[in-house]
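Below is one structure, written out as structure tokens; comments come after it.
The values are calculated or read from the model by the stated rules, or taken from the named source; none is laboratory data. These numbers were taken from a predicted model, which means no experiment stands behind them. Every residue, glycine as well, gets a Cβ built from its backbone with ideal geometry; the counts of neighbours run over all protein chains shown. When the accessible area is computed, the model is the full protein with side chains, heavy atoms only, and any ligands, DNA or RNA have been set aside. Shrake-Rupley method; radii C 1.70, N 1.55, O 1.52, S 1.80 Å.
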Amino acid sequence: MKSLNSPRSHALRRLSSIVAASVLACGVLASGMPAQAAAPSVAVPSRYVYVSTSPRLQGDPTVGGLLKVDISTTFAYVSPAGGTPTVSYTWTRDGVVIPGATGSTYLATSADLGRVIAASLTVTYDAESSVTAQASHPLRIAAAPRARGFNGDGTLDLFARDSAGRLLLYPTDGRGNWQAPQVIGWGWNNFNMLLSPGDFDGDGTVDVLARDGQGRLFLYQGNGSGGWKKALQVGQGWQGFKDLISPGDFNGDGTNDILAKDSAGNLFMYPGNGRGGWLTPYKIGPGWDGYYAVGAGHFLDSPDLVVLTRPFWGTLEVRSTTRNGWFQEFGLPGGFSGSIGWGWESVAKIGMAGDFNGDGYSDVYGIDNSGRLTMYLGDPSGYTHSGISGFRWKGSPVVGWGWNSFNAVF
């Protein structure tokens, strides 16, 4: 028995001998046949190969996200045993083979937006002894999330608005260092709520939503290089909401969505249509009034979508959805997976904007009342096998000071 969780050249880790049915080459003379005419021998059949369980697709199903074929619990068997197998991979887009995609991972591109990506692996011992297994849970690829960044380099950046109404962009180099900040707008003090939904209009670039004092909602279309295309009004009557949350593609249709919380603690789902507008909204559930909530996308490096919440007692909680339009416990406040931190009541502002240190995992930023910006470095590598108890923090370096001078950071 061999495990499929090592590199390709050693893809099958463990070998299990399986007793095969005996194949006899018949040497008995058939009755009535001449003594010199032996019965024809039976041909030795090809070996039988099979896998114990199907592999599973994991990773970040968004444009620019890395998908992985998880073979950690998949084992191959061959009978009669023996030999060194090879493993090959095939990836498909809406059932059509993607040329050149032959590894165990695949980086989703803009061509995959809204399409269903699937994968299979083939285990081969010899020319006539092989088996192909389809990976379970094919994934529809969603639009680029907030974590892809605003200036087109794919790295974490933060938006910050100062008291003069200037909007600044704080980019990073993708390796834990800040680059020079840039002023990217003026007059933004007209807005009382700001957030980034990721790519909301389907053009592949990260956008910003802004609500003014009259309850009008505007979409500021990013141009992919740290600037703007144009602004569009995409809603009115939004003054009734106390908070807006950008989780990503909440209903799995390939477009980014918005969750809206009213003053009574009811949470509503506003599905994006992928063109800068909306599909029909619906109520998810009550009970959210006591929670500070932050959209975190595929924070656990899995196809499940995450919203991080903090109740008044200060734990940092993970709430998840399988991207079916509901939290796993239908919003009361639903989908509770567990806590990944304590003492967060001292953090005035919490958010998630991507990978700060370049290890491939998303990180959480926090700003305390003294203006210190701390980056909490996430490590979800143990989540697939151990659930939320497998999540770890790699560290929490202070990466900035004076951030309390901004009246909005997102």
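Here are the numbers:
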read-out	value
Unmet criterion (only one of (1) of a type outside the set (Asp, Glu); (2) under 26 Å from the mean Cα position of the chain (by Cα); (3) surrounded by fewer than 23 Cβ atoms within 10 Å (Cβ to Cβ)) for residue 288	(3)
Residue in segment 51-80 that is surrounded by the fewest Cβ atoms within 10 Å (Cβ to Cβ), counting only those that are assigned to a loop (DSSP other than H, G, I, E, B) and of a type in the set (A, V, I, L, M)	63
One residue from 71, 98, 117 being under 23 Å from the mean Cα position of the chain (by Cα) and at pLDDT below 95	71
In segment 249-270, residue nearest to the chain's Cα centre (by Cα) [restricted to those that are within 17 Å of residue 334 (Cα to Cα) and small (Gly, Ala, Ser)]	260
Out of 315, 321, sole residue that is in contact with a Leu (Cβ under 9 Å, 6 or more places away or on another chain), β-branched (Val, Ile, Thr) and surrounded by 15 or more Cβ atoms within 10 Å (Cβ to Cβ)	321
Flag if residue 83 is open to solvent by less than 70 Å² (accessible area, probe 1.4 Å), in contact with a strand residue (DSSP E or B) (Cβ under 7 Å, 6 or more places away or on another chain) and free of Cβ contacts under 8 Å to residues at least 60 places away in the same chain	yes
Any hit, segment 334-350, residues being closer than 30 Å to residue 69 by Cβ, over 16 Å from the mean Cα position of the chain (by Cα) and open to solvent by 60 Å² or more (accessible area, probe 1.4 Å)	yes
Segment 325-351 residues that are of a type in the set (Val, Ile, Thr), paired with ones that are at pLDDT 95 or above and in a loop (DSSP other than H, G, I, E, B) (beta carbon under 8 Å, 6 or more apart)	340/391
Pick from segment 171-190, criterion more than 16 Å from residue 398 (Cα to Cα) and among the hydrophobic types (A, V, I, L, M, F, W, C), ranking: most open to solvent (accessible area, probe 1.4 Å)	186
Any pair with Cβ under 6 angstrom, 6 or more apart, that starts in segment 267-278 at a residue that is more than 15 Å from residue 233 (Cβ to Cβ) and in contact (Cβ under 8 Å) with a residue 60 or more places away in the chain and ends at one that is part of a loop (DSSP other than H, G, I, E, B) and not basic (Lys, Arg)	267/288; 267/331; 272/200; 272/255; 272/256; 274/202; 274/255
Unique match (being without any contact (Cβ under 8 Å) to a residue 24 or more places away in the chain, of a type in the set (Lys, Arg) and open to solvent by 20 Å² or more (accessible area, probe 1.4 Å)) among 161, 216	216
In segment 376-410, the residues that are touching a residue at least 40 places away in the same chain (Cβ under 8 Å) and among the hydrophobic types (A, V, I, L, M, F, W, C)	388, 391, 393, 399, 403, 406, 408, 409, 410
Subset of segment 97-147 (residues that are among the aliphatic types (A, V, I, L, M), free of Cβ contacts under 8 Å to residues at least 60 places away in the same chain and touching a Phe, Trp or Tyr at 6+ places or on another chain (Cβ under 7 Å))	98, 101
All strands (runs of 3 or more DSSP E) inside segment 347-394 with 1 or more residues being among the aliphatic types (A, V, I, L, M), over 11 Å from residue 156 (Cα atoms) and at pLDDT below 95	none
